[in-house]
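The values are calculated or read from the model by the stated rules, or taken from the named source; none is laboratory data. Note that the structure is a prediction, hence the values are computed from the model and not measured. All Cβ positions, even for glycine, are placed from backbone atoms using ideal geometry, and neighbour counts span all protein chains on display. The area values use the complete protein model at the heavy-atom level, side chains included, leaving out ligands, DNA and RNA. Shrake-Rupley method; radii C 1.70, N 1.55, O 1.52, S 1.80 Å.
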Amino acid sequence: MSFAVPATLEARLDELTTHYPQKRSASLMFLHALQEHFGHISDEAVEWTARKLGLTPINVHELVTFYPMFRQQPLGKTHVKVCRTLSCALAGSAEVRAHFCEKLGLDAHAHAPQTTADGKFTVEFVECLAACGSAPVVLVNEDLHEKVTAAKADDILRTGK
Amino acid sequence: MPEQFKLILKHVDAPGYTPDIACYMRHGGYEALKLALATAPRDLPDGKKLTPKEVVREDVKASGLRGRGGAGFSAGLKWSFVDRRSGKPIYLICNADESEPGTFKDRQIIHKDPHQLIEGMIISCWANDVKLAYIYIRGEMPKGARLLEQALAEAREKGFLGKNILGSGSDLEIYVHRGAGAYICGEETGLIESLEGKRAYPRIKPPYFPAVLGLYMCPTIVNNVETLCHVKHIVTMGAANYAKLGTPNNTGTRIVSLSGDVQRPGYYEIEVGKVTIGELINDPNFGGGLRSGRSLKAVIPGGSSSKVLKAGEVFKLNRKGADGQMTKVDVPLLDLPYDFDSLQQAGTMSGSSAIIVLDDSRSMVDTLANLSEFYAHESCGQCTPCREGALWLSKGLHRLSHGEGRKEDAAYLSHIAQNIQGRTICAFGEAASWPVLSFVKKFRDEFEAQGAADEEARAKGTGPAHGTRTAASPNKH
Ligand SMILES: Cc1cc2nc3c(=O)[nH]c(=O)nc-3n(C[C@H](O)[C@H](O)[C@H](O)COP(=O)(O)O)c2cc1C
Ligand code: SF4
Ligand code: FES
């Protein structure tokens, strides 16, 4: 697979580096942008980022492995993040996650992210999403769904968002 | 009847109020900035003269404003620690990482009234000679990040940011920086490392106090979103009037995030110390009470890291009597004023002002297991006691909440927690230990009974004494 960063994206990233007195600071913003574009952070993306920011690949790689939001493999088109932490758990988030897993034929007991064979959905448990007052909450790609019930979960599965 | 006092949340959720600059300015937005820039120098009784910037800094100190991010430290005092003699640039970072479990107040400001934050930041930056500032927003708020970027662009266009702001001669740029899902980025030195493009490994204090050796080893101010918003209101109201809000040493208003077993979870802004924990839980203006047929079991009063309070506990609080003398008075849990000092005297903290309510249907073992899993997952891994200890705690609690407990688990858990706190680089060590120490101390019977029941079941060969659960869920099965 060829790795090519479109010129417009590269221009946007070049502008980003001007926000910081030291280019290295732009690393996380680079990785977010690349992940948004390519779906995950490949080795090429790590090397490209390192080259752009005057770093060695390990400087970038250690970020990808430290920050939970970055992923090294492609995940499903719809990424369902169910909050696992206390307020959501009190409101039944374990049951919500189990519902997603059962409907998608995934293992309801596994903790790590799981992706359906057709690549449509990834389901995972994440920690507190700062919306505990409307628990249980689920982040579907960029959209926050609050007070999620089985019916709302089914809507998410039907529409993919 | 106790009521909300909406200073920061005045426009949040108001019908027709939108996050754009036009709406903000229709509601008096950026007037505080103009007021601040027009501050007159002040002559002090001792003959000293304060520059306009010093006046604003002094006013923030005099207002009594305490940080809303967790530690409750005086904002004005923190600003006064900034090393101004080094000649290095001074940076300001807005901590918008909002990741302490139970907390969801900054989210409201960021998404519904971003210009209020930006105005507070511009004033704070101007007063502290800051020319470059960042908003560090947690990665899971991509929409919030875009809203802030949009708002910053609008402010730039109006001349509130950039070169020579409103002809003041001061320059300022503010940029949005996104985190990527790590709780430890909320800790200010971890945040700084992260903003430098590294793993968010907290730095040891001393010597790395941000006010001296912060971002790029330059003096740096780190303040919470809500703290920076208050600065705007201090300028508008004047320090003395602001300090009349709330209670002595606990001035102003504060947004409380209320969640868990109440009828009306949500965010409520109160005058600090003017509303009690009981009112927050039970009053129809706030939590509206527990679910029907339930009684209170425990309150986590200041985010998941704060020590738990048990229903029925009575605390000894210092109170000034009519004669001006300090005396100790007995205050029951529900009558505790919700403020910094009362909660500290009750042996816990108001932390990020997030209250999580637990009713009598909840298992304290399972609840703690859920929290400990969070800390095991979020330890940055630098310090051995924290990295290993947080994991042991979580594993021990997982066993205990899955029918594989032992009688001595209560003692075992406390022992581990005691060996984490005070032995780590950052306060995460305490954050991971305090829930364990307080849960086990105050609900020891429940922990021991569960361990004993498991042992008995094993001896009889009847299997787990209680149902097994997938991932720690505090619901009884
Ligand atoms: C483990 C840990 C996590 C923290 N998370 C946050 C956070 O999410 N948001 C925040 O504002 N402060 C957080 N803090 C507190 C910050 O370190 C810092 O004290 C605060 O941002 C200072 O701002 P303030 O003085 O305005 O409260 C955290 C502290 C620790 C030890
Ligand atoms: S106490 Fe924990 S989170 Fe803090 S620096 Fe040490 S290992 Fe990291
Ligand atoms: S606990 Fe789920 S959003 Fe906070």
Notebook entry, point to check: Which whole-number value in Å² is the accessible area per residue of segment B:277-372, probe 1.4 Å?
Noted result: 35 Å²
Margin query: For a quick check: with amide H placed at 1.01 Å from N, whose amide H comes under 5 Å from B:Ile90's, ignoring anything fewer than 5 positions away on the same chain?
Written below: B:Lys131
Check: Can you list the HN-Hα couplings for segment B:188-203, worked out from phi with the Karplus curve (6.51, -1.76, 1.60; θ = phi - 60°), rounded to whole Hz and with x for Gly and Pro?
Finding: 4, 7, x, 4, 5, 4, 4, 5, 7, x, 10, 4, 7, 7, x, 9
Next item on the list: Please list A:126-134, B:170-178, B:390-398 highest first by mean number of surrounding beta-carbon atoms within 10 Å per residue.
Entry: A:126-134, B:390-398, B:170-178
Notebook entry, point to check: How well do other chains shield peptide A:134-147, expressed as the mean number of their Cβ atoms within 10 Å of each residue Cβ?
Noted result: 2
Notebook entry, point to check: Which trypsin sites (Lys or Arg not before Pro) from segment A:3-71 combine a DSSP loop assignment with at most 14 other Cβ atoms within 10 Å?
Noted result: none
Checklist line | Listed pairs B:Lys105/B:Lys441; B:Lys131/B:Lys307; A:Lys103/B:Lys198; A:Lys81/B:Lys274 exceeding 32 Å between Cα atoms | finding: B:Lys131/B:Lys307; A:Lys103/B:Lys198; A:Lys81/B:Lys274
Margin query: Taking the Cα centre as origin and putting +1 on Lys and Arg beta-carbons and -1 on Asp and Glu beta-carbons, what dipole magnitude results for the protein assembly as shown, to the nearest 20 debye?
Written below: 780 debye
Checklist line | Free-standing Cys residues across chain A, given no other cysteine C-beta under 4.7 angstrom | finding: A:Cys101, A:Cys128, A:Cys132
Note to self: Given axes a ≥ b ≥ c from the Cα gyration tensor, I'd like to know whether segment B:15-106 is rounded (a/c under 1.5), prolate (a/b larger than b/c) or oblate.
What the structure shows: oblate
Note to self: Probe radius 1.4 Å, ligands and nucleic acids left out: can you give me the accessible area buried at the A-B interface, summed over both chains, in Å² to the nearest hundred?
What the structure shows: 4200 Å²
Notebook entry, point to check: Using a 1.4 Å probe on the protein chains only, how many percent of the accessible area of chain A belongs to carbon and sulfur?
Noted result: 52 percent
Check: If you count the DSSP beta bridges with both ends in segment A:78-159, what percent of them are antiparallel, to the nearest 5?
Finding: 55 percent
Notebook entry, point to check: Given a 1.4 Å probe and every protein chain left where it sits, what share in percent of the accessible area of chain B is carbon and sulfur?
Noted result: 53 percent
Checklist line | Centre separation in Å (Cα based) which lies between segment A:49-90 and segment B:35-59 | finding: 47 Å
Item checked: For segment A:7-66: rounded, prolate or oblate by the Cα gyration tensor [a/c cutoff 1.5] -> oblate
Checklist line | Residues of segment A:7-66: accessible area per residue with a 1.4 Å probe, Å² | finding: 44 Å²
Notebook entry, point to check: Once you sort the root eigenvalues of the Cα gyration tensor of the protein assembly as shown as a ≥ b ≥ c, which label holds: rounded (a/c under 1.5), prolate (a/b larger than b/c) or oblate (the other case)?
Noted result: oblate
Notebook entry, point to check: What is the antiparallel percent of DSSP beta bridges lying wholly in segment B:115-254, to the nearest 5?
Noted result: 35 percent
Check: What residues of segment B:141-167 lose no less than 20 Å² of accessible area with every protein chain in place versus their chain by itself (probe 1.4 Å, heavy atoms only)?
Finding: B:Pro142, B:Lys143, B:Arg146
Notebook entry, point to check: Taking Cα atoms, how many degrees apart are the long axis of helix B:364-378 and the longest axis of chain B, rounded to 10 and kept between 0 and 90?
Noted result: 50 degrees
Notebook entry, point to check: For segment B:1-153, what proportion of DSSP beta bridges, expressed in % and rounded to the nearest 5, is antiparallel?
Noted result: 30 percent
Next item on the list: Return the long-range amide H neighbours of B:Thr253 (sequence gap of 5 or more, or a different chain), with a cut-off of under 5 Å between placed amide H atoms.
Entry: B:Val272
Note to self: Taking each residue in A:50-62, count the Cβ atoms of any other chain within 10 Å of its Cβ, then average. What number comes out?
What the structure shows: 1
Check: Per the Kirkwood treatment, what hydrodynamic radius in Å, one decimal, follows for chain B from the mean inverse distance over all distinct Cα pairs?
Finding: 23.6 Å
Next item on the list: Give me a single rounded figure for B:214-227: the average over its residues of other chain Cβ atoms within 10 Å of their Cβ.
Entry: 1
